[in-house]
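See below for the structure under consideration.
The values are calculated or read from the model by the stated rules, or taken from the named source; none is laboratory data. Because the structure is a prediction, the values reported are computed rather than measured. No Cβ is skipped: glycine too gets one built from the backbone with ideal geometry, and neighbour counts run over all protein chains shown. What goes into the accessible areas is simple: the full protein's heavy atoms, side chains included, and nothing from ligands, DNA or RNA. Shrake-Rupley method; radii C 1.70, N 1.55, O 1.52, S 1.80 Å.
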Amino acid sequence: MTKAATMCGIPWRLENGGCAALPLPADDSIARVARAHVKGLLPALGLSIQDSDDITLMVSELATNVLQHATPREGGPSAELWVYQRTDGHGRDELVVKAFDTLRTWRHRPDETGPMLEHGRGLEIIELLTKGRWGHHASRSRLAAPAVPGKATWFALPLPHTVRRRHVWRVDGPHATKDLHALLVQRGVIHLTPKDEFGMTVLSGRGDVTVWCEAATFRWCVRSAEAGRLPISDITEACEQLVQLCESMDDPGAG
């Protein structure tokens, strides 16, 4: 994936968890830039040009929505586009595309009216093409240093065939937990710290959140109630869900 992206001249940053992240311009070129770079990345993900039409259309709408509703303040962190692979909860692979911006809520244009006021009419296309598999949630940036809070608007599509992932993570429990911790620290989540308990490395901290890994699966609880579980291969998604959880604790209205 890295080699193919480099050969295409794409300025993606590839994280150890397998997420490709791209800065987006805060002007009218945002949709064109996002569309072109994603189209160039898809072959590296094992997708054909025929697979790209709906994806690039939705990427364009996602980027346009950011420009219309969440343009960052001058001099502030830019919007970001993220692309990664995960399982859909039923053992099938899917492609996830997220647009990150630094506003928690939607910014409306003065002339907007109608039922899509909150989200923007372009997201009606995403609703249709993904059959409702899209949304938005609290998150933190990947490219800004230090990471800043905001929201991610996303869509997911089933992959037409199994795409082999780059196994850059470690699969044993203690090391996998430490790898997850490193990804969380990069996103500014510093209050979940590694501890050894009963011969197992766990992450624990504020809000009574506990994360551990056993049987090749990450699990996390809030006040002893299970809040999520994902296979180690979905370390990127595990990190994203934990970032969302911690952001929501810090700001209950963030969702």
Requested in this report: Find the residue count for the stretch 171-184, including only residues that are modelled with pLDDT of 95 or more and either on the phi > 0 side of the Ramachandran plot or exposed (fewer than 14 other Cβ atoms within 10 Å of the Cβ) (or both).
Outcome: 0
Report task. Scan D88, D101, D111 and give me the residue that is in contact with a strand residue (DSSP E or B) (Cβ under 6 Å, 6 or more places away or on another chain), acidic (D, E) and modelled with pLDDT under 90. Result -> D88
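Residues are listed down the side, and each one gets a yes or a no for (1) modelled with pLDDT under 90; (2) over 18 Å from the mean Cα position of the chain (by Cα); (3) among the aliphatic types (A, V, I, L, M); (4) open to solvent by 50 Å² or more (accessible area, probe 1.4 Å):
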site: D27; (1), (2), (3), (4): yes, yes, no, yes
site: A31; (1), (2), (3), (4): no, yes, yes, no
site: R35; (1), (2), (3), (4): no, no, no, yes
site: L41; (1), (2), (3), (4): yes, no, yes, no
site: L57; (1), (2), (3), (4): no, yes, yes, yes
Query raised in the report: Considering the stretch 83-102 alone, what residues qualify as being part of a strand (DSSP E or B) and among the small types (G, A, S)?
Result: A99
Query raised in the report: Any idea which of (1) at pLDDT below 80; (2) surrounded by fewer than 20 Cβ atoms within 10 Å (Cβ to Cβ) is the one H69 doesn't satisfy?
Result: (2)
Report task. Determine, yes or no, whether L203 is out of contact with any Gly (no Cβ under 9 Å at 6 or more places or on another chain), of a type in the set (A, V, I, L, M) and open to solvent by less than 40 Å² (accessible area, probe 1.4 Å). Result -> yes
Query raised in the report: Taking only pairs six or more apart or across chains, which ones have beta-carbon atoms under 6 Å, a first residue in the stretch 176-195 that is part of a helix (DSSP H, G or I), and a second residue that is at pLDDT below 95 and hydroxyl-bearing (S, T, Y)?
Result: T177/T201
Report summary line: L45 passes all but one of the listed conditions (1) under 27 Å from L183 (Cα atoms); (2) open to solvent by 30 Å² or more (accessible area, probe 1.4 Å); (3) at pLDDT below 80; the exception is number (2)
Requested in this report: Please state which one of E247, E240 is buried (at least 21 other Cβ atoms within 10 Å of the Cβ) and farther than 19 Å from H175 by Cα.
Outcome: E247
